[in-house]
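**Student:** Quick one: the structure is below, questions incoming.
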Amino acid sequence: MKHIDIKDILAKQYNGQQVTVCGWVRAARDSKTIAFVSLNDGTSLEHLQIVLDKAALGDVSDYLRMGAALKVEGQVVDAVVKEGGVEVNATQVTVLGECPPEYPLQKKRHTMEYLRTIPQLRLRTNTFNAVFRVRSVLAGALHRFFQERGFSYIHTPLITGSDCEGAGEMFRVTTHPFATPYTNEEDYYANDFFGKKAGLSVSGQLEGEMAAMAMGKIYTFGPSFRAEKSNTPRHLAEFWHLEPEVAFAELPDVIELAETMIKYVIKDVMERCPAELAFFEQHFEAGLRDKLNNIVQNDFAILDYTDAIDLLAKADVEFQYPHEWGCDLQTEHERYITEKVFNKPVFVINYPKAIKSFYMKQNADGKTVAATDLLVPGVGEIIGGSEREADLGKLLAAMRERNMPEEAYSDYIDLRRFGSCPHGGFGLGFDRLVMYVTGMSNIRDVLLFPRTVGSLR
Ligand code: 4AD
Ligand code: MG
């Protein structure tokens, strides 16, 4: 069906011309001699006004039903009421898909909670239409950022035989039927699809490192899976994970890459999605555009973990969780640091080695690792990364301390045997970045079908 994007008509590329547009009815208004339809095809936040002359078109009632899919032929003219706008005087209208009155999106504004119960339809609201356009622009900007800098895009496997972080939060992958009669674990896994225990990857990092040890600069971008039962506004069981890995990079290089990347993609969204950002600012986060502007224009803070612990000790706040040196920072601590102390993005660096992953580079102090988390106001941690331990002996020692099976990591260990070098990278929680940029306060509202503990649709 040859038709023109509504966004191009609104951009006045077709003034005076006869056009065909297709879309869904978002609003309709009837009067004695004429009726109006607001048509949206998903290419812009703004709707296109269609003017229906009843004398010429006859009974137009079928064209005025919320949610109906229409094909409209007509002439693009200057809008009569909206100054500087355009509208289409319809000469012919075809109903492509009827929409009965039980269509759930009749009202102008629904609660976010209600909209979560209709994931199959909620994209047809202004809010979700805007979220998903921004999400797409952000993904495109990330690819462009890395491609422009000579990074290779690597697809790492989703089914894995090892748990990247060495933590027990992996979903298992099996084809065994219900009540498979095995008496021991070894037998059970030996008879499963892969002949061994398999799971969904929590991160592409380990394979990413293998690629970086040949390609130099790589990034992965795909789903990661976490079976942790965190029922919070920022945890998903399936999230989108962008992970660059760079050979010959040390922690300051990793930090610089992360900061440059965040600024690049935010600047890009500000240029490409001004209407969406204005919308989010009006409905979801006051001051959103100033916030984004400040991010692009100012340096992020860098804070040593040990100094963060000092700040928490001095804080005039009752924290729920302990915050002595050696404790992991909880959301309340992260938010205090980034929102109350700095009010901008903060890289926390040099965490105690006991609370971080085995692969992180051990610092000379013997206590900390060259790791960093990027914390941002409103969301908390959006990036976790580090320089990697390049020394074979130190890596093996860290694995032994954690009781990790060396055989399961033999491919990874080979990297330290054959041409090991300093390298590092990070993981960006893409869905959390979308939250941060749009002002959405619940991660369930930035994905088509969010997967969270106890919820799968
Ligand atoms: O901090 P994480 O666990 O780090 C890694 O997985 C490293 N292997 C990354 C690397 O160095 N290549 O995860 C990285 C980011 C977090 O900062 C967070 O933004 C996001 O992934 N993330 C989640 N997002 C949504 N739901 C979850 N359950 C998430 N878990 C992590
Ligand atoms: Mg982390």
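**Student:** Pick out, from segment 230-326, the helices (runs of 4 or more DSSP H) lying fully within it that include 3 or more residues that are assigned by TED's automatic domain parsing to the domain that holds Arg135 and in contact with a Lys or Arg (Cβ under 8 Å, 6 or more places away or on another chain).
**Tutor:** Qualifying helices (runs of 4 or more DSSP H): 251-272, 274-283, 288-297.
**Student:** If you don't mind, there's one more thing I want to ask. Listed residues Val434, Val453; which is assigned by TED's automatic domain parsing to the domain that holds His241 and either β-branched (Val, Ile, Thr) or away from ligand 1 (no atom under 16 Å from the Cβ) (or both)?
**Tutor:** Criteria check complete, one pass: Val434.
So that you can scan it fast, the table gives a plain yes or no per residue for (1) touching a helix residue (DSSP H, G or I) at 6+ places or on another chain (Cβ under 8 Å); (2) open to solvent by less than 20 Å² (accessible area, probe 1.4 Å); (3) under 23 Å from Asp431 (Cβ atoms); (4) touching a residue at least 24 places away in the same chain (Cβ under 8 Å):
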{"site": "Asp187", "(1), (2), (3), (4)": "no, no, no, no"}
{"site": "Gly195", "(1), (2), (3), (4)": "yes, no, no, no"}
{"site": "Trp240", "(1), (2), (3), (4)": "yes, no, yes, yes"}
{"site": "Pro244", "(1), (2), (3), (4)": "yes, yes, yes, yes"}
{"site": "Arg272", "(1), (2), (3), (4)": "yes, no, yes, yes"}
{"site": "Asp290", "(1), (2), (3), (4)": "no, no, no, no"}
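**Student:** Taking the options Val131, Val88, Val95, name whichever one is closer than 23 Å to Cys22 by Cα, crowded, with 18+ Cβ neighbours inside 10 Å and not assigned by TED's automatic domain parsing to the domain that holds Leu395.
**Tutor:** Matching residue, one of Val131, Val88, Val95: Val88.
**Student:** Thr232: out of contact with any Leu (no Cβ under 8 Å at 6 or more places or on another chain), surrounded by fewer than 16 Cβ atoms within 10 Å (Cβ to Cβ) and closer than 30 Å to Leu200 by Cα, yes or no?
**Tutor:** Judged against the criteria, Thr232 is a match.
For (1) assigned to a strand (DSSP E or B); (2) closer than 22 Å to Ala278 by Cβ, each residue gets a yes or a no:
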residue: Lys7; (1), (2): no, yes
residue: Lys12; (1), (2): no, yes
residue: Thr20; (1), (2): yes, no
residue: Trp24; (1), (2): yes, no
residue: Leu39; (1), (2): yes, yes
residue: Gln49; (1), (2): yes, yes
residue: Tyr63; (1), (2): no, no
residue: Ala90; (1), (2): yes, no
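**Student:** If you scan segment 364-389, which residues turn out to be over 21 Å from Ile413 (Cβ atoms) and either among the acidic types (Asp, Glu) or more than 23 Å from the chain's Cα centre (by Cα) (or both)?
**Tutor:** Passing the criteria: Ala364, Asp365, Gly366, Lys367, Thr368, Asp373, Glu381.
**Student:** Continuing with this model, one more query. Which residues, counting only those in segment 341-388, are basic (Lys, Arg), without any contact (Cβ under 8 Å) to a residue 60 or more places away in the chain and open to solvent by 40 Å² or more (accessible area, probe 1.4 Å)?
**Tutor:** The answer is Lys344, Lys353, Lys367.
**Student:** Next question, about the same structure. Do we have Pro252 as modelled with pLDDT of 95 or more, over 30 Å from Ser420 (Cβ atoms) and out of contact with any Leu (no Cβ under 8 Å at 6 or more places or on another chain) here?
**Tutor:** So Pro252 fails the test.
**Student:** Within segment 1-25, restricting attention to residues that are within 30 Å of the chain's Cα centre (by Cα) and without any contact (Cβ under 8 Å) to a residue 60 or more places away in the chain, which residue is surrounded by the fewest Cβ atoms within 10 Å (Cβ to Cβ)?
**Tutor:** It comes out as Ala11.
**Student:** Which residue pairs have Cβ atoms under 8 Å apart, sit 6 or more places apart or on different chains, and have a first residue in segment 222-235 that is under 20 Å from Glu334 (Cα atoms) and a second that is open to solvent by 40 Å² or more (accessible area, probe 1.4 Å) and among the small types (Gly, Ala, Ser)?
**Tutor:** Going by the 8 Å Cβ cut-off, the qualifying pairs are Asn231/Gly454; Pro233/Ser441.
**Student:** Follow-up question, since we're still on this one. If only one of Leu236, Leu251, Leu242 is within 16 Å of ligand 2 (Cβ to nearest atom), of a type outside the set (Phe, Trp, Tyr) and farther than 19 Å from Val434 by Cβ, which one is it?
**Tutor:** When all the criteria are applied, what remains is Leu251.
**Student:** What number of residues within segment 221-238 satisfy the criterion of being in contact with a helix residue (DSSP H, G or I) (Cβ under 8 Å, 6 or more places away or on another chain) and more than 8 Å from ligand 1 (Cβ to nearest atom)?
**Tutor:** Matching residues across segment 221-238 total 3.
**Student:** Just need a number here: residues in segment 374-401 that are more than 13 Å from ligand 1 (Cβ to nearest atom), of a type in the set (Asp, Glu) and under 20 Å from Gly419 (Cα atoms).
**Tutor:** Going through segment 374-401 one residue at a time, the tally reaches 1.
**Student:** Name the residues in segment 198-218 that are more than 10 Å from ligand 1 (Cβ to nearest atom), of a type outside the set (A, V, I, L, M) and crowded, with 19+ Cβ neighbours inside 10 Å, would you?
**Tutor:** Gly199, Glu207, Lys217
The values are calculated or read from the model by the stated rules, or taken from the named source; none is laboratory data. As the structure is a computational prediction, the values presented were derived from the model and not from experiment. All Cβ positions, glycine included, derive from the backbone under ideal geometry; neighbour counts span all protein chains shown. All accessible areas refer to the heavy atoms of the entire protein, side chains included, with ligands and DNA or RNA removed. Shrake-Rupley method; radii C 1.70, N 1.55, O 1.52, S 1.80 Å.
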